[in-house]
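The values are calculated or read from the model by the stated rules, or taken from the named source; none is laboratory data. Values in this document were obtained by computation on a predicted structure and should not be read as measured data. Cβ sites come from the backbone with ideal geometry, for glycine too, and all protein chains shown count toward neighbours. We work out accessible area using only protein heavy atoms, side chains counted, and drop any ligands, DNA or RNA first. Shrake-Rupley method; radii C 1.70, N 1.55, O 1.52, S 1.80 Å.
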Amino acid sequence: MDLEYATATELTRAMRDRELSSRELLDHMLARVEQRNPGLNAVVALDTERARAAAAAADQATARAEAAGPLHGLPMTVKDVWETEGLVTTAGAAELREYVPAADALAVGRLKAAGAIIFGKSNTPLYAGDFQTFNEVHGITRNPWDVTRTAGGSSGGAAAAVAAGLTPLELGSDIGGSIRNPAHYNGVYGLKPSWGVVPSRGHIPGPPGSLIETDVNCGGPLARSIQDLRTALGVVAGPVPEDAAAWHLRLDPGPEIGTATAVRVAVVFGEGSDLLPVARDVRAGLEGFAGRLAGAGVQVDAVPLPVPLADGLRSWQELVLPIIGTGLPDEDFAAFAELEAVPGDDPTVVAGRALAGRYRSWARADASRQRQRAAWAALFRHYDCVLAPVMPTTAFPHDTDRPITDRVLDVDGTSVPHLIAMAWCGAIGSVLLPVVTLPVGPTPAGLPVGVQVIGPFLSDLRLLRIAELLQAAAGTAFTPPPR
């Protein structure tokens, strides 16, 4: 077994069968980080001694035929926005450079209770607020497919670490594509669950110690197989403790789906090009994936988006940017508030106004969101899943010297502002739907492309099964980056 690129499922099985010890696997991971991480800067904090003690305890439990849970003895890292007891958690912020939480985030605690050994933290942009990963505390994370290019964000360190074989499993988060775009850029699998399935308590932002569940934001896994996503979801999903007495989460897998030919697939690749064109090489990868599905007998229909992409992006801006705006310094907040008097629907101006939005504006946006959710639900009466782009290009060259408001992507010669480039992720995230990001293969230039596989609200387990069938029918799988 190739320890560098084995799945979490394969590794936990080998440890259960005593073909591999947790301590051996941890030592291998630490050596891999020492060897490969300096060129990537994906893992930014280690907890070596405590991890070794936990691995030794896991091996002793295995010898007694005991197991803590489905991740027993598995070394892994988590994104540096999740509070981790006894291990520095910075969220990329200089003011949190020395912050060592006294308790785990709920999701991290659930990983540990299931037997996982958290040996390190992966890099993230400042307060998870970018789709590149860099900050003044830990620096820039590089893409293992091409170190001159971004690993994405905000779970860029997580996706790069999984792709490069530094960890078999990661816990990321996603409020505007922060699991999905790094999975796309790095050629790994990601799951953005339905909103509310995985508690965000212990996630920064909000501030350390916050008890709120942030609208749209989702915690979710990144991995090298769909089975690993399924296992991780089963571990971290569930209510916060004070709600557990009254309700329990039961994700219904629905009727058994035996073959891919039973899946009804809608594709929306041609939608939204007036707002956000998709690069030819990315579009070719997506169309090739859909074509292979059709060739395997899967029903694949091109359909219009149930909500125009521009409307979906605007909902995301008006719902999510006020959340980001709560953390702005007073003078910045005041400057954005002045944009309320600026007329027009330019997306950049809309974004600026939303950062200092009033509750009245948010409430109207939420009403629009509910109508959009109903439109998506109506589409899912006819289709089991929808395939959509993740980002308009493959991983782009690092662009960290300008503020995000000044950055643009080159999409086949068309300049697209960064604040627009995440429209596909934002428009889907704001309606709270689950999404599996699948790698569909590299472009001719050798860079990964992913696809969003979108399902109905709370269909997470069924969606994972559908994604599994689709990747098998299309003949796609995780491919390690060049060594």
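For region 402-446, what does the alpha-carbon gyration tensor say about shape, rounded, prolate or oblate, given a ≥ b ≥ c as the root eigenvalues, a/c under 1.5 as rounded, and a/b over b/c as prolate?
The shape class here is oblate.
Apply the a/c threshold of 1.5 to the C-alpha gyration tensor of region 242-385 and tell me whether it is rounded, prolate or oblate.
It is oblate, given that a/c is not under 1.5 and a/b is not larger than b/c.
With a 1.4 Å probe and all protein chains left in place, how much of the accessible area of region 298-426 comes from carbon and sulfur atoms, in whole percent?
Here carbon and sulfur together make up 55 percent of the probe-accessible area.
Of 464, 304, 106, which is farthest along the charge dipole of the chain in the positive direction, counting Lys and Arg as +1 and Asp and Glu as -1 at C-beta?
So the residue furthest toward the plus end is 464.
Per residue, how much accessible surface does the chain expose to a 1.4 Å probe? Answer in Å², no decimals.
Here the per-residue accessible area is 38 Å².
Which value, in debye to the nearest 20, gives the size of the charge dipole of region 6-152 about its Cα centre, when Lys and Arg are +1 and Asp and Glu are -1 at the Cβ?
The dipole magnitude comes to about 300 debye.
Per-residue counts of other Cβ atoms within 10 Å, averaged by peptide: what ranking do you get for 6-19, 152-165, highest first?
152-165, 6-19
What does the highest-first list of 178-191, 236-249, 312-325 look like by mean Cβ count within 10 Å?
Top of the packing list down: 178-191, 312-325, 236-249.
Can you tell me the relative contact order of region 372-483? Whole percent, Cα pairs under 8 Å, sequence separation 6 or more.
Rounded, it is 29 percent for region 372-483.
With θ taken as phi - 60° and the coefficients 6.51, -1.76 and 1.60, list the Karplus ³J(HN,Hα) couplings across region 13-29 in order, rounded to whole Hz; mark glycine and proline as x.
5, 5, 6, 4, 8, 6, 8, 7, 9, 4, 5, 4, 5, 4, 4, 5, 4
Toward the positive end of the charge dipole of the chain, about the Cα centre and with charges on Cβ (Lys, Arg +1; Asp, Glu -1), which of 41, 398, 189 goes farthest?
Final value for the positive-end residue is 189.
What is the antiparallel percent of DSSP beta bridges lying wholly in the chain, to the nearest 5?
Just about 75 percent of them are antiparallel.
Starting from the Kirkwood Rh over alpha-carbon pairs, what translational D in µm² s⁻¹ does region 1-109 have by Stokes-Einstein at 10 °C and 1.306 mPa s?
105 µm²/s
Distance between Cα centroids, region 235-265 to region 1-78: provide it in whole Å.
28 Å
Assuming 0.36 nm per residue, please report the length gained on full extension of the stretch residue 48 to residue 103 beyond their Cα-Cα distance.
Length gained between residue 48 and residue 103: 18.0 nm.
At a 10 angstrom cut-off on C-beta neighbours, averaged per residue, how do the peptides 383-394, 268-279 rank from highest to lowest?
The most tightly packed comes first, giving 383-394, 268-279.
Can you bin region 72-204 into rounded, prolate or oblate? Criterion: square roots of the alpha carbon gyration tensor eigenvalues sorted a ≥ b ≥ c, rounded for a/c under 1.5, prolate for a/b above b/c, oblate for the rest.
Rounded shape, in that the Cα axes give a/c under 1.5.
So for the chain, averaging the separation of alpha carbon pairs under 8 Å that are six or more residues apart and normalising by length, what relative contact order in percent results?
Relative contact order of the chain: 16 percent.
Please list, ordered by chain and number, the residues whose modelled amide H lies under 5 Å from the amide H of residue 170; skip anything fewer than 5 residues away on the same chain.
Here 222 satisfy the definition.
Under the Karplus relation 6.51 cos²θ - 1.76 cosθ + 1.60, θ = phi - 60°, what is the ordered set of whole-Hz ³J(HN,Hα) values for region 283-291, x standing for Gly and Pro?
Values per residue, Gly and Pro as x: 4, 5, x, 5, 5, x, 4, 4, x Hz.
How big is the dipole moment of the chain about its Cα centre under a simple scheme where the beta carbon of each Lys and Arg is +1, that of each Asp and Glu is -1, and everything else is neutral? Debye, nearest 20, please.
1040 debye
For the residue pair residue 342 and residue 364, what label-to-label distance in nm results when each label sits 7 Å from Cα along the Cα-to-beta-carbon direction?
Inter-label distance under the simple model: 1.8 nm.
Taking θ = phi - 60°, what integer Hz values does the Karplus form 6.51 cos²θ - 1.76 cosθ + 1.60 yield along region 438-455, in sequence order, with x for Gly and Pro?
Result, rounded to whole Hz: 10, x, 10, x, x, 6, x, 7, x, 9, x, 10, x, 10, 7, 9, 10, x.
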